[in-house]
Amino acid sequence: MNAITGRAGLLARGQAALRAGDMAGARTCFATMRGFWPDDPDALHGLACIALALGQADRAISLAGRARCLAAPGHPHLGQYHEVLARALLACGHGDAARAAIRAACLHSPDDGAIVLALAEIMERTGDIAAAEAAHARGVALGGVPARVAQARFWWRRGRGEVALAQMRHVAASAPHDGIAAHELVGMLLARDHRAEAETILRQRLARDGRDGQARSTLGALLFATGRLRPAATMLRAALRHDPAPGTANNLGLTLMALGEMAQAQAVLADACRAQPGDARIALNHATTLFESGQHAQARAAYEALLARSPAPDPATLARARFNMGVATLAQGHLAQGWALWESRLGFMPQHPAAHRLPRWQGQVLPYGRRLLVTMGQGLGDAVHFLRYVLLAAMRVPVVLEVLPALRRLAATLGQAADESELCRIEIITPDKNEYRGVACQCDLFSLPGLLGVRAVAPFRPYLGQAAWQPRRKRAGPLRVGLCHAGNAAYRFDARRSVAAEALAPLAQVEGVTFISLRPGRNPGTDPAFMRHELAADADLLETSRLVATLDLVISVDTLAAHLAGAMGCPVWLLSRFGGDWRWSAAFDAAEAGQAEGICPPVSVSGAAAGAPLSQWYDCVRVLRQPVLQSPGPAWQPVIAGLVPALRAWVAQGGGSDSDGFEFG
C-alpha cells in the first residue's frame with residue numbers, strides 16, 4: 001500500500017462513515033490504519049469518536065488522550081482531539097477537566113465553528129451560562145446556519161422562546177432550502193401552538209423538496225391534530241413512501257382508527273410493531289386496534305405482554321396499558337380484576353385539585369359528621385352510568401357529590417325514581433368556590449365500584465329522574481321516539497360510534513312515529529331533516545330527562561342519551577359499533593326472562609345470530625350490535641335495516657311490547 005495515498009484514502013473513508021453513522025465501517029478503516037501506523041493520531045481520534053458514540057466514554061478518554069499526546073504541536077487536527085476528549089470527560093462526569101479540554105481545543109482552533117459550539121454546549125451543561133452565551137455569540141460571528149440554530153436552541157432552553165422564534169424565523173427565511181432550520185422552526189412553532197404558521201412552513205418546505213419525508217410526517221400529524229383526518233391519512237401514507245419511519249406508521253394507524261378504518265389501522269400498526277418491536281407506544285396502539293376490532297381476548301393478551309416487558313415501558317405508557325387491560329378485562333365480565341386495573345387511569349388523567357389536599361377514601365366508615373367528596377373526571381355518559389354507585393356509597397358514608405353544572409339538577413334526583421332518595425345522604429355541588437366543609441377524604445366517581453367491592457351487576461332499578469319512566473298505553477296520535485345519532489365529535493372513536501344523518505333516511509318512511517332529537521339545539525348540517533327539536537340549546541340534563549319521560553322509545557348510539565334514558569327505565573334501542581364499549585359486550589347480556597316485563601320491544605339485526613339482547617346494566621336497553629367489522633358507512637346498514645321493520649311492527653301494536661319475545665325484522 002502506498003503510505004501516503006493509502007492512509008489518506010482510509011482516513012477519508014473512515015471520516016465519511018463516521019459522519020454517516022456507520023460505526024462498523026468507520027472502525028474498519030481506522031483499525032486498518034492502526035495496523036500500518038499504530039501511533040497514528042488521526043486513527044486514534046477516529047476510534048475515540050466511535051467509542052464515544054457507542055457510550056464507551058472511558059475508552060474514548062484513553063484513545064483521545066493518546067492521540068493528543070502523539071500529535072505534533074502544530075498538528076492541524078489537535079483541536080478536534082481536545083474536543084472529543086472534552087466530550088468524553090463530560091460524559092464521565094468530569095466537568096472541570098472537560099472545561100479545560102474544550103478551552104484547549106479553542107486555543108488550537110479558535111475559528112473552528114464546530115469546536116466553538118462544543119464549548120457553548122459544555123459550558124451550559126456544567127452551569128456556566130454566561131460563558132455558554134458568549135460562546136454562542138462567537139459561533140454566530142464565525143457564520144453559518146448551524147451556529148444560529150444552536151443559539152436559538154440555547155435561548156429556547158433558557159426560556160427565551162420569542163427571541164428563539166424570531167431567530168429561527170430569520171434563519172428559515174434567509175436559508176429557505178435548509179431542511180434542518182425549517183424543521184427546528186416548525187418544532188418551536190408547534191410547541192407554542194402556532195399551528196397555522198407551522199403548516200405554512202411545512203407546505204413551503206414540501207414545495208421546495210417533495211422528498212422530505214419528515215416534513216410530510218409532521219404535516220400529517222398536524223392535520224390529524226386539527227381534525228382533518230382524511231388529508232392527514234393521505235399525507236402520512238405519502239410520508240411512509242418517502243421515509244418508512246415507525247413513528248409515521250404509528251400516526252397513520254391512529255388516524256385510520258379515528259376514521260373508523262379499524263382493519264387498515266390494525267395492519268399498519270402491526271407492520272410498525274414488526275419494524276420497531278421495542279416501541280411500547282406502538283404496541284399499545286396496536287393492542288387497542290385488537291380491542292376495537294372485537295378481539296377482546298387477543299387485546300388482553302397483548303396488554304399482558306406489554307406489561308411484562310423488561311425493561312418496563314415509561315410510566316405513562318405503563319399506566320395506559322394497565323388501564324386498557326382493565327377495559328379489556330371488564331369487557332370479558334371480570335369486574336373485580338377490571339376495576340383494579342382501571343384505577344391506572346389516575347396515573348395519566350388530570351388530577352382533581354382535591355386529590356392534592358385530601359386523602360383518598362379506601363371504603364372505610366367515616367367519623368361522625370365527616371363526609372366523602374366524590375368527584376368526576378370523565379364524560380357525562382360515563383357519569384350517568386356510574387351515578388348508581390353514589391347511592392351505594394351513600395348507604396355507607398355521607399357524600400358530597402361534585403358534578404358539572406349541566407348535571408347538577410339531574411343529579412339531585414338520585415334515588416327519586418325508586419323512592420330511595422330519603423335513604424341517601426348526598427349533597428350536590430358544582431366545582432366553583434366551595435371549600436368542602438366537613439369533608440374527610442375524596443375519591444373519583446369511577447373508583448366507587450372497586451372501592452365498594454362490586455363484583456357483579458346488581459339487579460336494575462331506575463335511579464335518575466323525578467319519577468321512573470312509565471309506559472303510555474293506547475297513545476293518541478303518533479308514537480314519540482327519541483333519536484340521538486351522534487355523540488361528541490372529539491371522542492377518538494366517534495367516526496365508528498356516530499351514524500351519518502343520511503344513513504338514517506329509511507326511518508323517515510316509518511309511519512305513525514314522530515322522531516324527537518335528544519341533543520339540545522339544532523345542528524342543521526348534521527341532523528336528519530325529519531327530526532323534531534324540542535330541547536332548547538341551553539337545556540340541562542334535567543330538562544332532557546323530562547323530555548325522555550314523554551317518549552315511548554329511545555334510539556341512540558352509545559352516548560349520554562342512551563345512559564340517561566336507561567337510568568330512567570325508558571326503553572332504548574342502543575346502536576353499538578362492532579367491538580364497542582366494554583359495557584355493551586356480550587359478557588353483560590341479560591336473559592330475557594323477568595326483565596322488566598318486556599317493556600323494551602324486541603328487534604334484530606340482519607346478519608346477527610340472534611335478536612338484540614337486553615343489557616344487565618339497564619334492563620330496558622337492547623344492544624343492537626354491528627354484525628361484522630366494516631368501515632363506518634357500510635357497518636350501520638344492517639343495523640338500520642333491522643330498525644325499520646321492527647318499528648313498523650311496534651307501531652302496528654300501538655307501541656306495546658311483545659310479551660312472548662318474538663323478533664321483529
_Selected residue [among the hydrophobic types (A, V, I, L, M, F, W, C) and free of Cβ contacts under 8 Å to residues at least 60 places away in the same chain] from 548, 572, 554_ = 572
*Unique residue being in contact (Cβ under 8 Å) with a residue 40 or more places away in the chain and within 29 Å of residue 503 (Cα to Cα) when the list is 483, 464, 451*: 483
*Go through (1) buried (at least 22 other Cβ atoms within 10 Å of the Cβ); (2) at pLDDT below 90 one by one and return the number of the condition residue 3 breaks.*
(1)
*Qualifying position, being surrounded by 23 or more Cβ atoms within 10 Å (Cβ to Cβ) and either in contact with an Asp or Glu (Cβ under 8 Å, 6 or more places away or on another chain) or within 24 Å of residue 203 (Cα to Cα) (or both), among 229, 256, 269*: 256
*Could you tell me which residue of segment 616-658 is surrounded by the most Cβ atoms within 10 Å (Cβ to Cβ), considering only residues that are touching a Phe, Trp or Tyr at 6+ places or on another chain (Cβ under 6 Å) and polar (S, T, N, Q)?*
626
*Picking from 612, 641, which residue would you name as being of a type outside the set (Ser, Thr, Tyr) and more than 16 Å from residue 579 (Cα to Cα)?*
641
*Just a yes or no: is a residue in segment 65-79 within 23 Å of residue 136 (Cα to Cα), in contact with a Lys or Arg (Cβ under 8 Å, 6 or more places away or on another chain) and without any contact (Cβ under 8 Å) to a residue 24 or more places away in the chain?*
no
*Selection status of residue 366, over 30 Å from residue 586 (Cβ atoms) and among the hydrophobic types (A, V, I, L, M, F, W, C)*: yes
_Residue among 9, 21 that alone is under 24 Å from residue 116 (Cα atoms) and free of Cβ contacts under 8 Å to residues at least 40 places away in the same chain_ = 21
_Residue check for residue 64: assigned to a helix (DSSP H, G or I), surrounded by 15 or more Cβ atoms within 10 Å (Cβ to Cβ) and touching a helix residue (DSSP H, G or I) at 6+ places or on another chain (Cβ under 7 Å)_ = yes
*If you scan segment 513-524, which residues turn out to be in contact (Cβ under 8 Å) with a residue 40 or more places away in the chain and either loosely packed, with under 15 Cβ neighbours inside 10 Å or under 34 Å from the mean Cα position of the chain (by Cα) (or both)?*
518, 519
*Considering each of 629, 624, 647 in turn, give the residue that is more than 19 Å from residue 581 (Cα to Cα) and in contact (Cβ under 8 Å) with a residue 40 or more places away in the chain.*
647
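The values are calculated or read from the model by the stated rules, or taken from the named source; none is laboratory data. Predicted, not measured: the structure shown is a model, and the values here were computed from it. Here the Cβ is made from the backbone with ideal geometry for all residues, glycine too, and neighbour counts use every protein chain on show.
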